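Please treat every number below as a calculation from the coordinates, not as lab data. For clarity, every value in this text was computed on a predicted model and none was experimentally measured. Glycine also receives a Cβ, built like all others from the backbone with ideal geometry; neighbour counts cover every protein chain displayed.
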Amino acid sequence: MKQSALSIDDLREAVMRLPDDSLTATREAALASLDEQGFPSIRDEDWKYTDLSSAIDVSNRWLAQGAKTESTDALRKSIKAITASIDAHWLIVANGIVDLTCFGEPADIEVEKFSDSATPFVMDRPLADLNAALLHDGLRVQVHGATEKPLGVLLIDETSGGAGVTQANVDIEVAPGCDAEIIEYQVSSGSEDHYANSVIALQIDQAAHVSYVRIQNRRAGHIQTARLSVALSADARLNMASYDLGGGLVRNDVDIDINEAGADATFNGLFLAGDGQHIDNHTRVEHRVGPASSSQEYRGILNGRCRCVWNGKAIVHKGADGTDANQANHNLLLSDHAEIDAKPELEIYADDVKCSHGTTVGQLDETALFYLRSRGINKRQATQILTHAFAADLVARAPVATAKDAITALVEKRLGELIKEEDL
Amino acid sequence: MLEINNLKSRIGDTEILRGLSLSVNAGEVHAIMGPNGSGKSTLAQVIAGHDDYVVTGGEVTFMGKNLLDLEPEERAREGIFLGFQYPVEIPGVNNAYLLKAAVNAKRKHQGLGEVDAFEFLKVAREKMALLGMDPKFLNRGVNEGFSGGEKKRNEILQMAMLEPSLAILDETDSGLDIDALKAVAEGVNTLRAPDRAIVLVTHYQRLLDYIEPDFVHVLSEGQIIRSGDKSLALELEEKGYDWVREAANA
Ligand SMILES: Nc1ncnc2c1ncn2[C@@H]1O[C@H](COP(=O)(O)OP(=O)(O)OP(=O)(O)O)[C@@H](O)[C@H]1O
Ligand SMILES: [Mg+2]
């Protein structure tokens, strides 16, 4: 099957229509690069399971309509509800436009717009090019000290008047020795088709500790491609948990770069998929030096007709002795139509290395199900209880306490919907 | 209360119960003994409704209802309780949560509202004290990391909370220390009432010293080959099963 192509001419027009500012040169360079490289296709090893045709289709329709992005009347209300549900210093990118109205004035966090800064931002891949080419503006954030509230990054999309395409780009640096809590929340609604493409970079400086929570709760049918790149300096620590609840086609790329010794990256994820969802989590850890450790556990709960992908890659470079890398992916398939492609990949070029990986794909434990039913609990409730138990472990590992209640509520709600979908 | 008539059941291609009949009336305590692999747990699981076991013949009625028509959860709500020979560990499901969900399922079936949270905890703690269980077990995962004896006590705790009409206890005495055996026996004896019945599956006469049965049955190769009073258990302890089998074949 041939993948449709992005109409570059329309895209060029859209880029020209963006304000002429300090980003213009970068946008044009990105456009040229994208034109040359083309969109990722399923012929690329990294995109084998995830076909972006629908993202191209939405983009072309959006471009054909003049690349206009109008907000719905309800957008402010949605922002209010989310920022009220989790107490944080919120940086917002709403329909691709940066918005600092819910940020407050934290003493230890500095924010500047890309357009106000001389530092260019880097692009190295087609989706980053697309992001740069169409970017209204991005945010550069410096965390200097421990703030009493977490830093929130809300990427929210709610457009009207035809298909929508939005870009978000946020660059965060956590200064040496700081403890920071960060919440990334990606959400969308509205009746139009939507494609959201985001790039977030996180630099964790020496001996800094970051607790990071990612929530993705996009509307059914919406498309997300999101790249999070984390670079860790000496003795830096990342403790992260991701929750993918919604969306139609979702592709998350998490890149972890361990550049100096003593770093530790723990990142876990939970994805819940039902009818019509495709959720792809690609993770990649580069152990460039040792000793250092990385550990990830992703869990998936799939019901109905859906497909998920987990691809965890760990690369231990030559000389990165003392590396300890663990990866695990466990999946619960509640329907015969649910499909998972789980693939751990290890590339080891160093000698003194401890690596482990494990993946499991299974149904609910029948013995446990019967045990609960023999106590008078009906099959649907028993299924629910056991599925919740499978998810609860990862909810408990959410490293940002302020966000825990919201995550618990979202996960419970989504699980309730998922299990209803099944004909029990 | 429970009428089993010529029950036949298989798992996979293997026939395990081969025409078993048993009648249990309200107020009675029955003990079922028999060699390993004779079908005791199979009988218990069939009564509880495990669908790995296919019933190929016979009838089972419970308080006048055709039991075989009911789902496992319906049987439980009608008042049947099975204490498992091997209780399942369910990590991530809180023990108190399960107890409460089970109690509420039954109450709903009886047309009652949900149990008051405070009252529920109070009763649960009382029953645990009676069974010599630390209240902290309420907050652990169901049977998660419990020792063998702790799992059995937990089964009895569930039984005590659910107050079933018919309790079938599958080797609840196995793996218990002497204090636990006494505590469990006390738990069972507390439940003894004119409107309830208890079926004990056991290998040991010792349990029957604490819970005195009205009837003792020997199950062998999927059939009950002999029934008697409590003296049969003593006789079995002394002579083993061979003589019963020989007598049955004669
Ligand atoms: N899932 C199964 N698949 C095949 N055979 C089974 C299965 N479950 C039970 N059986 C067989 O059925 C027979 C009866 O088993 P059951 O567990 O009822 O015996 P039991 O009388 O309870 O024995 P014990 O005293 O050892 O507990 C055994 O031979 C057992 O191997
Ligand atoms: Mg048995």
Since B:K122 meets every condition but one in (1) more than 16 Å from ligand 1 (Cβ to nearest atom); (2) outside any helix (DSSP H, G or I); (3) over 22 Å from B:I198 (Cα atoms), which condition does it not meet? (2)
Please enumerate the residues belonging to segment A:316-334 that are under 21 Å from the mean Cα position of the chain (by Cα) and within 20 Å of A:L228 (Cα to Cα). A:N326, A:Q327, A:A328, A:N329
Segment A:379-396, residues that are surrounded by 15 or more Cβ atoms within 10 Å (Cβ to Cβ) and not polar (S, T, N, Q): A:K379, A:A382, A:I385, A:L386, A:H388, A:A389, A:F390, A:A391, A:A392, A:D393, A:L394, A:V395
For segment A:375-382, indicate whether the set of residues that are assigned to a strand (DSSP E or B) and of a type in the set (V, I, T) is non-empty. no
Pick from segment A:350-378, criterion facing another protein chain (nearest Cβ under 8 Å) and among the aliphatic types (A, V, I, L, M), ranking: surrounded by the fewest Cβ atoms within 10 Å (Cβ to Cβ): A:A368
Cβ-Cβ under 7 Å pairs, at least 6 apart or on other chains, segment B:37-66 side closer than 18 Å to A:R373 by Cα and more than 16 Å from ligand 2 (Cβ to nearest atom), far side assigned to a strand (DSSP E or B) and among the polar types (S, T, N, Q): B:V54/B:S9
Residues in segment A:70-78: is at least one surrounded by 13 or more Cβ atoms within 10 Å (Cβ to Cβ) and in contact with a Leu (Cβ under 6 Å, 6 or more places away or on another chain)? no
Selected residue (criterion: nearest to the other protein chains (Cβ to nearest Cβ)) from residues of segment B:63-92 that are more than 16 Å from B:P164 (Cβ to Cβ) and in a strand (DSSP E or B): B:G92
Subset of segment B:11-43 [near ligand 1 (Cβ under 6 Å from one of its atoms) and either within 14 Å of chain A (Cβ to nearest Cβ) or not in a loop (DSSP other than H, G, I, E, B) (or both)]: B:I11, B:T14, B:I16, B:K40, B:S41, B:T42
Among the candidates A:E412, A:E347, residue that is in contact (Cβ under 8 Å) with a residue 24 or more places away in the chain, out of contact with any Ser or Thr (no Cβ under 7 Å at 6 or more places or on another chain) and part of a strand (DSSP E or B): A:E347
Subset of segment A:157-195 (residues that are touching a His at 6+ places or on another chain (Cβ under 6 Å) and either in contact (Cβ under 8 Å) with a residue 60 or more places away in the chain or buried (at least 24 other Cβ atoms within 10 Å of the Cβ) (or both)): A:D157, A:G164, A:S188, A:H194
Matching option when the condition is away from ligand 1 (no atom under 11 Å from the Cβ), within 25 Å of B:R226 (Cβ to Cβ) and more than 11 Å from every other protein chain (Cβ to nearest Cβ), among B:V46, B:V60: B:V60
Identify, by number, the condition in (1) farther than 25 Å from B:M63 by Cβ; (2) touching a Phe, Trp or Tyr at 6+ places or on another chain (Cβ under 9 Å) that B:S227 doesn't meet. (1)
Would you check if B:A129 is small (G, A, S) and within 13 Å of chain A (Cβ to nearest Cβ)? no
